[in-house]
Amino acid sequence: MNISSVVGALVRRWYVTLVLLAATGYLAAQLWESAEPVYSSTTVVSVVQSPAYMETQQSEDPLVLSRNPYGQSTTTLSALLADSIAHGNVELTGDAEGAVLTVQVNNQRAESFFTVSATARDAESALAALRVLQEQAPVVLADIQQRAGAPADQLITSILSRPATTPVEEYPDRMRVVLGVVLVGLLVTALVATAVDGAVRGGSRRRAATRAARAERTSAARTPSAGTGAQVPAAPSPEASTTTSANTARGDADGPRA
């Protein structure tokens, strides 16, 4: 089977093609209309030095020492915080329940900030998710530092350096679902049309072969068989031989007439 044979089957069985394509188009239209939107809003999280950390760094008291093992490496803490948020360490509860946070980082170079997108079924839930992020991100970052041995008064913190954008209505799955349905519909149409075409053409060939065989048998029955030897004259019957002998005897008795 090749492309030309499939196209030929689709053309010959146009009625099957038409019905199946119409059904596919109707289903795709229904899915397109029934798709539910989602709303997304984004913000930028920046890792910065807290006032307490800056006071420690600027202190001239020799007894005040910076004991934060990360020092001033905000880019390292930014990467750790982004990874923690991406793995679901920010608990979205209340109005934000059901929302999803997505982290976008720069893979080309280390930066002390990153973008976070909140996606939810309604605009208010998306904004609520970013408010929860604003509250919990400093807590998550402080936990990362304290587990490494940093004192509570020398922690680097995080802020939302850009306000949350207005939620945007999106249909992320609609196009993908509709295209999938259309492709499956085209495949099913090609398979069904090819199968129907093969069945119809196979039946036609069987009927033609049956008619040809029947016609051959009829022709053979009507044609007489030809002989292979010379024809032999039929032997005279006994009655005919007796009559012939009697006529001959009478002719001899009468003799020649004058």
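Values as computed for the structure displayed
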| item | result |
| --- | --- |
| Full-stretch length increase - residue 89, residue 104 - with 0.36 nm per residue and alpha-carbon distance subtracted | 3.8 nm |
| Estimated D of segment 79-120 in µm² per second, where Rh is the Kirkwood radius over Cα pairs and Stokes-Einstein applies at 10 °C, 1.306 mPa s | 143 µm²/s |
| Whole-Å distance, taken between Cα centres, linking segment 65-125 and segment 189-215 | 66 Å |
| Stokes-Einstein D in µm²/s, Kirkwood radius over Cα pairs - segment 37-170 at 20 °C with 1.002 mPa s viscosity | 138 µm²/s |
| FRET efficiency for residue 2 and residue 204, using Cβ-Cβ distance with R0 set to 22 Å, rounded to 0.05 | 0.55 |
| Extension gain from residue 177 to residue 122, taking 0.36 nm per residue of separation minus the Cα-Cα distance | 17.7 nm |
| Sequence ranges 102-114, 69-81, ranked by mean other-Cβ count within 10 angstrom, highest first | 69-81, 102-114 |
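Values in this text are rule-based calculations from the coordinates and carry no lab data. The structure displayed is predicted, hence computed values, not measured ones. No Cβ is skipped: glycine too gets one built from the backbone with ideal geometry, and neighbour counts run over all protein chains shown.
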